[in-house]
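For reference, the structure is listed below as structure tokens.
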Amino acid sequence: MTSRITLISPALNRSLREARFDDGSPLDPSGRARAESAAGSLGAADRVLVSPTVRCRETASALGLAAVPEPELAGLDMGRWRGLTLDEVLAREPDAVLSWLSDPDAVPHGGESVRALCERAAGWLEAAATFEGRTLAVVEQELVRALAVAILGAPGPAFWRLDVPPLTATDLSGQSGRWNLRLGRELGAETR
């Protein structure tokens, strides 16, 4: 059985614009307008899921999707760094940032490690492989990166080498243990 999953990264908000660890801020007007203009471009899905974050829920709504929150699709828990910019954390804790960026098991912020996120994403993908039909999910960029690392069997540090632009689609097709991956399709572009 082949499963099809389309992951949508959220539209822009203040946190994304400022390279700020998610602070729960809503979509900004241009992000909302861009998502609304892409409404209807995603095709039919048998189930629609959303990360519990504000920007993902608002993106799903702007896209006209009636999405069900899925806790397993949450973004990376940044612990005490939540709401800070990377520059702010670098100024306060340069060694901690270096550790976090070089060691997928590091949790200097007290939240979740990159490796734990990749394992959580891989577990969700394993369960999703049993669903027949097409799944559409609006998820944080770091979850898309974690799924790509898991699918490719890449080492943990590869997580930092993947870029997921806002409001793009990543298509997964396959089955447990064997997935194909297409990254960064602009919404509104031709779908499969």
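The values are calculated or read from the model by the stated rules, or taken from the named source; none is laboratory data. Everything quoted here is computed from the prediction, not taken from an experiment. Because the Cβ atoms are built from the backbone with ideal geometry, glycine has one as well, and the counts that use them run over all protein chains shown. These accessible areas exclude ligands, DNA and RNA; they are computed on the full protein's heavy atoms, side chains included. Shrake-Rupley method; radii C 1.70, N 1.55, O 1.52, S 1.80 Å.
Structural remarks
- Counted residues, the range 78-92 - those being part of a loop (DSSP other than H, G, I, E, B) and basic (K, R): 1
- Restricting the range 43-52 to residues that are of a type outside the set (K, R) and open to solvent by 50 Å² or more (accessible area, probe 1.4 Å) leaves a set whose member that is nearest to D77 (Cα to Cα) is P52.
- Counted residues, the range 37-59 - those being assigned to a loop (DSSP other than H, G, I, E, B), out of contact with any Pro (no Cβ under 6 Å at 6 or more places or on another chain) and farther than 14 Å from T135 by Cβ: 4
- Residue selected from the range 8-36 under the condition of a type in the set (S, T, N, Q) and assigned to a helix (DSSP H, G or I), by the criterion nearest to the chain's Cα centre (by Cα): S15
- Enumeration of residues in the range 159-190 that are in contact (Cβ under 8 Å) with a residue 40 or more places away in the chain, closer than 14 Å to S9 by Cα and in a loop (DSSP other than H, G, I, E, B): V164, P165, P166, L167, L187, G188
- Checked against the criterion of being within 24 Å of V89 (Cβ to Cβ) and in contact (Cβ under 8 Å) with a residue 60 or more places away in the chain, the range 40-47 contains not a single residue that satisfies it.
- Failed item in (1) open to solvent by 20 Å² or more (accessible area, probe 1.4 Å); (2) touching a Ser or Thr at 6+ places or on another chain (Cβ under 7 Å); (3) part of a loop (DSSP other than H, G, I, E, B); (4) not hydrophobic (A, V, I, L, M, F, W, C), with G75 passing the rest: (1)
- Qualifying residue in the range 60-71 (condition: exposed (fewer than 15 other Cβ atoms within 10 Å of the Cβ), part of a helix (DSSP H, G or I) and under 17 Å from the mean Cα position of the chain (by Cα)): yes
- The set of residues from the range 23-42 being open to solvent by less than 30 Å² (accessible area, probe 1.4 Å), touching an Asp or Glu at 6+ places or on another chain (Cβ under 9 Å) and not aliphatic (A, V, I, L, M) comprises just one member, G31.
- The set of residues in the range 93-151 being crowded, with 18+ Cβ neighbours inside 10 Å, hydroxyl-bearing (S, T, Y) and assigned to a loop (DSSP other than H, G, I, E, B) consists of S113 alone.
- Candidates E88, E58, E112 - the one that is at pLDDT 95 or above and either touching a Gly at 6+ places or on another chain (Cβ under 8 Å) or small (G, A, S) (or both): E112
- Hits in the range 65-88 (condition: free of Cβ contacts under 8 Å to residues at least 24 places away in the same chain and of a type in the set (V, I, T)): V68
- For R82, the stated conditions do not hold, so it cannot be described as within 22 Å of L181 (Cβ to Cβ) and under 18 Å from the mean Cα position of the chain (by Cα).
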